[in-house]
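Below is one structure, written out as structure tokens; comments come after it.
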Amino acid sequence: MADVLHVSGLRAGYGPTVILEDIDLTLAPRRALAVLGRNGVGKTTLLATLMGHTTVHAGSIAMLGQRIETRPIYRRARTGIGYVPQGREIFPSLTVEENLLIAERGRGRWTIRAVYDLFPRLAERRNSFGNQLSGGEQQMLSIGRALMGNPTLLLLDEPLEGLAPVIVDGLLAAIRHLLGEGLTAILVEQSAKRALEMTHEAVVLNRGRIVWRGESAKLLANSDTLAALLTPERHASLAPS
């Protein structure tokens, strides 16, 4: 079976400004990848580039063997990429149900009933407008909307950011459920421990480059290496992988 995602020699950024350099990634079906690193190293830019929101200067992006780096955003979504952006970006003037139905694509595992089963709170709030929801409810809606496209690859950009601990626990359970079902995903998350516990593989970015890659469990078990990778003054002593 073809890899879900294959990225080679990717160089990208915003307009002429280059953020990412020499990015190589391969993600097999039913695998989850954690993208780690300090603030400002290019994690969000990487997901935005996969979705088509940035300028690609060099390299290639392939989904299931098809080159997509020149495709517009809507065609990448049709290829099978689901995107949960930082900041949620739901439609505030649409109801919960309208937000979900507008993203529905094809037949598959994810129907509106399945999303409501995953997030019962959304079923309770189905007739509420997006701007009437709490931050946690908006994040549930953002994830549910991405799932309604029945994605082959789900991109999650800091889905737990800024939420109360009780809401985080519920969202964590939902994300673990999705990954446990075998949904191929890339997770950007500030809590390295939390991300590593939920994923199979990990990469660490620094200044737009991958400086470490390997199994999540191995990095989780090596606290010294993890701390060095995420601490600027200690990171300088580590050779890139």
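No lab work stands behind these numbers, since they all come straight from the coordinates. Please read these numbers as outputs of a predicted model, since none were measured by experiment. Ideal geometry is used to build each Cβ from the backbone, glycine not excepted, and the neighbour counts take in all protein chains shown.
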How much net charge surrounds Leu27 when only other residues with a Cβ under 9 Å from its Cβ are counted (Lys, Arg +1; Asp, Glu -1)? -1
What 222 nm value per residue comes from the helices of the chain, counting each DSSP H run with n ≥ 4 as -39,500 (n - 2.57) and dividing by all residues, nearest 500 deg cm²/dmol? -10000 deg cm²/dmol
Taking the alpha-carbon centroid of each part, what is the distance from the range 121-149 to the range 20-38 in angstrom? 28 Å
Using amide H atoms built in the peptide plane, which far-off residues or other-chain residues are under 5 Å from Arg30 H to H? Thr184
Computed over the chain: longest principal axis from alpha-carbon atoms vs helix 165-180 long axis, angle to nearest 10 degrees, is 80 degrees
Within the chain: Cβ-based charge dipole about Cα centre, in debye rounded to nearest 20 (Lys, Arg +1; Asp, Glu -1): 460 debye
How big is the antiparallel share of DSSP beta bridges in the chain, given as a percent to the nearest 5? 60 percent
With a sphere of radius 13 Å drawn around the Cβ of Arg88, what net charge do the other residues whose Cβ falls strictly inside it have (Lys, Arg +1; Asp, Glu -1)? -4
Within the range 195-212, whose backbone N sits under 17 Å from a point 7 Å along Cα→Cβ of Asn222? 196-197, 200-206, 210-212
Under 12 Å, Cβ to Cβ, from Phe119 - net charge with Lys/Arg +1 and Asp/Glu -1: +2
Taking 0.36 nm per residue of sequence separation and subtracting the Cα-Cα distance, how much length would be gained by fully extending the chain between Phe129 and Asp169, in nm to one decimal? 12.0 nm
Going by how many other beta carbons lie within 10 Å of each one, how would you line up Asp117, Asp22, Asp224, fewest first? Asp224, Asp117, Asp22
